[in-house]
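Below: the structure, in structure tokens.
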Amino acid sequence: MSDELFESFSGLIYSLCGIFLPLRKKSMLTSRLLKRLSALNFRSLQEYYDFLLSPSGRSEEIIKMIDLVTTNKTDFFRDERQFNFLSSEVLPVLANGKKLSAGNRLNIWSAGCSTGEEPYTIAIVLSEFCGRNNLENSFLITGTDISTKVLEAARAGVYRDETVLTLPRHILLKYFTKKKISGREEYHVSLELKKYIKILRFNLMENDFKPMNNMDIIYCRNVIIYFDKQTQKALFEKFHACLKNGGYLFIGSSESLFNITDKFRMIAPSVYVKV
């Protein structure tokens, strides 16, 4: 791939999903796109790029290309400190304010939910908190991602043993069902937990965030590291508008809102509240 063609692909990807790819990512992008060349019997990356700009390419292939270039790394209880803070500090405040009660549904958004481990983890934390405090499970967690491939996995809620065996045994027994499929052990998220999860495709570059309004908590962790500063600023303006007053924002442990926005106040490492 020439530098010029890389810039064309990079510009297209940026316009579609806000991911900024510097020139040093050329080898990575090339290796991933070659998979589609093989599948579609194209002779060159230029031919593939031209196809992406065609009407049929935009309607059928763009999403598959985005699936290839997005990075999806996640785990159950990734950065456990944040989930401990959610359980010990955030949820008691929301419960005392009657925001977590039979008459008030708590709305949580997992933006960039990947294969579902994050929204299911949030649901487990909430269910455990409600159980300890004799509260009804009055919450809905909306998990979104731009990649259709990972969303299929999130909706299925089926995980291999190496993915879930780091979970405490009582959590595993309570919220998962072990099955053996074609000689391979799988763990299926319980239907009881799934009913609190809604999985949708949503592009964070959309102008219309109204479907995500009235959120009490937003998780957007390890996502903005792929965006440039301008895109980050625009995104957090939208998150601010989506959150209720006093709503909470969780970002990745390596991320910061410093020099991006002053509309959130940090209350713990990587945890902010809307001001």
Mind checking which lysines have their Cα closer than 17 Å to the Cα of LYS178? Skip sequence neighbours fewer than 8 apart in that chain. LYS194
Calculate the all-directions average of the projected area of region 3-69's alpha-carbon convex hull, and give it in nm². 4.0 nm²
At most 15 other Cβ within 10 Å, DSSP loop - trypsin sites (Lys or Arg not before Pro), region 185-247: LYS195
Taking volume of the Cα convex hull per residue in Å³ straight from the coordinates, which label in [x] 165; [y] 134; [z] 146 is the correct one? [z]
Relative contact order computed over region 106-251 (Cα-Cα under 8 Å; 6+ residues apart), in percent: 29 percent
Note on the chain: helices (DSSP H) long enough, at least 15 Å by alpha carbon along their axis, and hydrophobic enough, mean Kyte-Doolittle at least -0.5, are 3-17, 26-40, 117-132
For the chain the mean separation of alpha carbon contacts under 8 Å (6+ apart) over residue count, i.e. relative contact order in percent, is 17 percent
Could you sort the peptides 211-218, 89-96 by per-residue average Cβ neighbour count (10 Å cutoff), highest mean leading? 211-218, 89-96
How many percent of DSSP beta bridges within the chain run antiparallel, rounded to 5? 45 percent
Checking the table LYS99/LYS238; LYS35/LYS238; LYS174/LYS244 against a 30 Å threshold on Cα-Cα, which pairs fail? LYS35/LYS238; LYS174/LYS244
Give the distance, in whole Å, between the Cα centre of region 225-275 and the Cα centre of region 32-62. 36 Å
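Quick note: the coordinates plus some simple rules give every number you see, no bench work behind them. In this text the structure is predicted, and so the values were computed from the model without any measurement. Quick reminder, even Gly has a Cβ in these numbers, built from the backbone with ideal geometry, and neighbours come from all protein chains shown.
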